[in-house]
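Reviewing the structure listed below.
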Amino acid sequence: MRANASDPRGRLEAVDEVFAALAHPARRQIVMTVHFWGGAMAAGQIAKRFGCAWPTTTRHLRVLETAGLLSQRRVGRTRLYRLERSRLKLVRDWLDWLEPPTRRRKGERR
């Protein structure tokens, strides 16, 4: 279930969901593949790029969708998956907390 990122506790839960979804190498590879294909791909195109069986691929897609990293819509008989980059911002924001305070205040990024 997708956590509400509007309150502090919900934000931490949302970060945990994203990290959990990205914990599996196949899911990280799916995110990268969709990104490099312009941010959207059909489910069949994604499946062709991986050596997994179709049920395994759909489970990975479902985990990524539940975490809010992918969204999908039907176009005819095709499911089109789109990368939700805004959800990745949660991770960037969390990592920014690990920056030294002087760099954080100036708004610098690594």
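Values quoted throughout were computed directly from the atomic coordinates according to the rules given, and no laboratory measurement underlies them. As the structure is a computational prediction, the values presented were derived from the model and not from experiment. As a convention, Cβ positions derive from the backbone with ideal geometry for all residues, glycine included, and neighbour counts pool all protein chains shown.
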Q: Specify which of the listed residues (39, 44, 76) is at positive phi and in contact (Cβ under 8 Å) with a residue 24 or more places away in the chain.
A: 39
(Q) Taking the conditions exactly as written (without any contact (Cβ under 8 Å) to a residue 40 or more places away in the chain, surrounded by fewer than 16 Cβ atoms within 10 Å (Cβ to Cβ), under 24 Å from residue 97 (Cβ atoms) and under 11 Å from the mean Cα position of the chain (by Cα)), does residue 28 satisfy them or not? (A) yes
Q: Determine if segment 94-108 includes at least one residue that is buried (at least 16 other Cβ atoms within 10 Å of the Cβ), under 11 Å from the mean Cα position of the chain (by Cα) and not acidic (Asp, Glu).
A: no
Q.
Need the failing condition index for residue 71 against (1) free of Cβ contacts under 8 Å to residues at least 40 places away in the same chain; (2) in contact with an Asp or Glu (Cβ under 9 Å, 6 or more places away or on another chain); (3) part of a helix (DSSP H, G or I), just the number.
A. (3)
Q) Restricting the search to segment 79-93, which residues are free of Cβ contacts under 8 Å to residues at least 24 places away in the same chain and surrounded by 14 or more Cβ atoms within 10 Å (Cβ to Cβ)? A) 84
Q: Could you check how many residues of segment 82-102 are in a helix (DSSP H, G or I) and either closer than 26 Å to residue 30 by Cβ or among the polar types (S, T, N, Q) (or both)?
A: 13
